[in-house]
1. For region 105-139, what are the residues that are open to solvent by 20 Å² or more (accessible area, probe 1.4 Å), assigned to a loop (DSSP other than H, G, I, E, B) and modelled with pLDDT under 95?
2. Mind listing just one residue for me: the one in region 177-193 that is assigned to a helix (DSSP H, G or I) and not hydrophobic (A, V, I, L, M, F, W, C) and, of those, most open to solvent (accessible area, probe 1.4 Å)?
3. Which condition breaks for Ser148 when tested against (1) open to solvent by 50 Å² or more (accessible area, probe 1.4 Å); (2) farther than 13 Å from Ala103 by Cβ; (3) at pLDDT 95 or above?
4. Determine the pairs where a residue that is open to solvent by 50 Å² or more (accessible area, probe 1.4 Å), located within region 42-54, has a partner that is among the β-branched types (Val, Ile, Thr) and not in a helix (DSSP H, G or I) with Cβ atoms under 9 Å apart, the partner being 6 or more residues away or on another chain.
5. If a residue has to be closer than 27 Å to Leu146 by Cα, touching a strand residue (DSSP E or B) at 6+ places or on another chain (Cβ under 8 Å) and open to solvent by 70 Å² or more (accessible area, probe 1.4 Å) to count, how many in region 1-30 make the cut?
Amino acid sequence: MKIALIHATTTALQPIEVAFRTVAPNIELLHFMDTGLLALMEKSGKLTPEIIRRFSALMNIAYESDVSCIQLTCSAFNDVTSILQPLYPVKLFRSDEAMLDEALNYASIGLVSTVKETPIALQKYLLNKNPDCLIESLVDPGIIHLLSQGKRKEHDDRVKKMVEQLDGKTEVILLSQYSMEHIAKQVNPSVPVLTAPLLAAKRCVAHLNGTIG
């Protein structure tokens, strides 16, 4: 059985691979990446026809590789799944879908993001599911690029600062990017901290096993 992973950044690779090795080590993972997508999103601030076409190109190759489902790993682009899903008979999963559904068990949700456009996509999903949920959002735009520049400590310290600022203001804190997965083990706020990779992998496997739609 094969699952396609669609990436816009290299920083999402390791977290999702580790997650799938933990949940279902026998599943074959196929990676498809376009690292130019994030720059386009940062320039436009929204999904554009060009971004959608480039995602569609990746998904075409993935689908033609005989995969059982397709998992996105970059949260800023998650709304593309609802646009492209009608074109493919296999399920397209948002990067954050399982994490956000888990977060909806709480009345107030804190979002920590390192890409400016990410909170927009996450808030849209959360409020569509529960218009009454309270959302606090902090974003340090662009610091995801520090990871590819070898400045991991600076990146991590700035993410931790956002977690500290949100602590006590909401019932749960979400680390929005896959590239922040490792930081969950470095912080100890008074509320739960959720990350997406492991929950996403579990949802994919549950879908393949027929336990969710």
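The values are calculated or read from the model by the stated rules, or taken from the named source; none is laboratory data. Treat the numbers as computed from the prediction; the structure is a model and nothing was measured. Reconstructed Cβ throughout: ideal geometry from the backbone, glycine too, with neighbour counts over all protein chains shown. We work out accessible area using only protein heavy atoms, side chains counted, and drop any ligands, DNA or RNA first. Shrake-Rupley method; radii C 1.70, N 1.55, O 1.52, S 1.80 Å.
1. The one that is open to solvent by 20 Å² or more (accessible area, probe 1.4 Å), assigned to a loop (DSSP other than H, G, I, E, B) and modelled with pLDDT under 95: Lys116.
2. Lys185
3. It is condition (3) that Ser148 fails.
4. Note: pairs meeting the criteria are Glu42/Val115.
5. 1
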